[in-house]
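Colleague: Once you've had a glance at the structure underneath, I'll fire off some questions.
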Amino acid sequence: MTEDKKKQDIVKDLIDKIDQNPQEAENYYALATVLVKQQSFDQAEELLVKARGLFKDSHSVDLLTYGLGNVYYESGLYEKANVEFQTIKDAHLKKDANLMIAQGYYAQSQYKLAFAFGLTALEQNPHDADTNELMGDVNLALGDAPRAQKYYDAALENKNTAKLLFNRGVVEMTLTKKKTNIYFEQAKKIDKTYFESSKQRLIDIDKLLSESKEDV
């Protein structure tokens, strides 16, 4: 079976589920999620907008709104995504929505807004690795290496990816002024391709550190 045929079968199965039970918002959400993975953003948007009009209960409306926000986010339409996410009232979905809002602002380099929403998301789920990693990213972008270190270390308690380790290594390099550290070594072991593609950042940081030494 070809990959395209598999994708078509998955979509067909989910459409059948909707036909069999059109009163379940989760069925529309599941289909939209698959369409987003297949980068069929227009179809996913149309589906969720139409489906949202079929429901009156707040949980279903919020679920479909969250799905629509994800469609816009994955399309790179961060402002539109945040408009959707900010209308969500369901307590469980709001936690995830706050993280998505923070990620949207981070993607637009609006780091102070990303920090505010990320902090709210973290208060709701203080041990979440993805939220702690984002807060590390935000603080690194703001130039606050000690605070970034705190969040990255919290994320590393429950997560171990090349990207996270690399960024923790950047913080370590910034704080110690040393070019090598265990975090870079671990990142390289996990994903050498990612590490090599990210090395330009190390050159740029090393240059900045050298310039700062000359200024002293």
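What follows is calculated from the coordinates using simple rules that are stated; it is not laboratory data. Remember, predicted model here, so these are calculated numbers, not experimental data. Note that we place each Cβ from the backbone using ideal geometry, even for glycine, and neighbour counts take in every protein chain shown.
Colleague: Counting other C-beta atoms within 10 Å, which of THR65, THR193 has the fewest, and how do the rest follow?
Modeller: Final ranking by Cβ density, sparse to dense: THR193, THR65.
Colleague: On a 19 Å Cα-Cα criterion, which of the cross-link pairs LYS7/LYS37; LYS37/LYS95; LYS163/LYS199 come out too long?
Modeller: Violating the 19 Å Cα-Cα cut-off are LYS37/LYS95.
Colleague: Explain nothing, just the number: relative contact order of the chain, from Cα pairs under 8 Å at least 6 residues apart, as a whole percent.
Modeller: Across the chain, relative contact order equals 9 percent.
Colleague: May I ask for the distance between the Cα centers of segment 83-128 and segment 34-75, given as a whole number of Å?
Modeller: 18
Colleague: Any idea what angle helix 162-176 forms with the longest principal axis of the chain, computed on alpha-carbon atoms, 0 to 90 degrees, nearest 10?
Modeller: With both axes taken from Cα atoms, the answer is about 30 degrees.
Colleague: Over the Cα atoms of segment 1-89, what is the Rg over Rh ratio if Rh follows Kirkwood?
Modeller: Reported Rg/Rh, Kirkwood definition of Rh: 0.99.
Colleague: OK, next. Along the Cα→Cβ direction, 7 angstrom out, place labels at GLN20 and VAL83. What is the inter-label distance in nm?
Modeller: Between GLN20 and VAL83, the simple spin-label model gives 3.7 nm.
Colleague: Let me ask something additional. Please compute one quarter of the surface area of the Cα convex hull for the chain and express it in square nanometres.
Modeller: Mean projected area for the chain: 14.4 nm², to one decimal.
Colleague: Tell me the net charge near LYS12. Cut-off is 12 Å between Cβ atoms, LYS12 excluded, with +1 for each Lys or Arg and -1 for each Asp or Glu. Please list the in-between numbers first.
Modeller: Values: positive: LYS5, LYS6, LYS7, LYS17; negative: ASP9, ASP13, ASP16, ASP19.
Result for the neighbourhood of LYS12: 0.
Colleague: Shifting gears a bit: Taking the simple approach of a point 7 Å from Cα along Cα-to-Cβ for both LYS5 and THR180, what is their distance in nm?
Modeller: 5.2
Colleague: I need the fraction of alpha carbon pairs in segment 50-168 separated by more than 19 Å, rounded to a whole percent.
Modeller: Counting every Cα pair in segment 50-168, those more than 19 Å apart make up 48 percent.
Colleague: Contour minus end-to-end for GLN39 and ASP204, with contour as 0.36 nm per residue of separation and end-to-end as the Cα-Cα distance?
Modeller: Length gained between GLN39 and ASP204: 56.0 nm.
Colleague: So if R0 is 30 Å, what FRET efficiency would TYR194 and LYS12 give, r being the distance between their Cβ atoms, rounded to the nearest 0.05?
Modeller: Computed FRET efficiency for TYR194 and LYS12 comes out at 0.25.
Colleague: Any chance you could give the angle, 0 to 90 degrees and rounded to 10, that helix 111-124 forms with the longest Cα principal axis of the chain?
Modeller: With both axes taken from Cα atoms, the answer is about 70 degrees.
Colleague: Next question, about the same structure. So how tilted is helix 41-52 from the main axis of the chain? Cα-based, degrees 0 to 90, rounded to 10.
Modeller: 50
Colleague: Further question: At a Förster distance of 35 Å, what's the computed FRET efficiency of LYS163 paired with HIS92, Cβ-Cβ distance as r, to 0.05?
Modeller: Working: r = 27 Å, r/R0 = 0.77.
Result of the calculation: an efficiency of 0.85.
Colleague: Using the Cα centre of the chain as origin and beta-carbon charges of +1 (Lys, Arg) and -1 (Asp, Glu), tell me which of ILE88, ALA102, ASN181 is placed farthest towards the positive end of the dipole.
Modeller: ASN181
Colleague: Hey, another quick one. Can you bin segment 56-99 into rounded, prolate or oblate? Criterion: square roots of the alpha carbon gyration tensor eigenvalues sorted a ≥ b ≥ c, rounded for a/c under 1.5, prolate for a/b above b/c, oblate for the rest.
Modeller: Because a/c hits 1.5 or more and a/b exceeds b/c, segment 56-99 counts as prolate.
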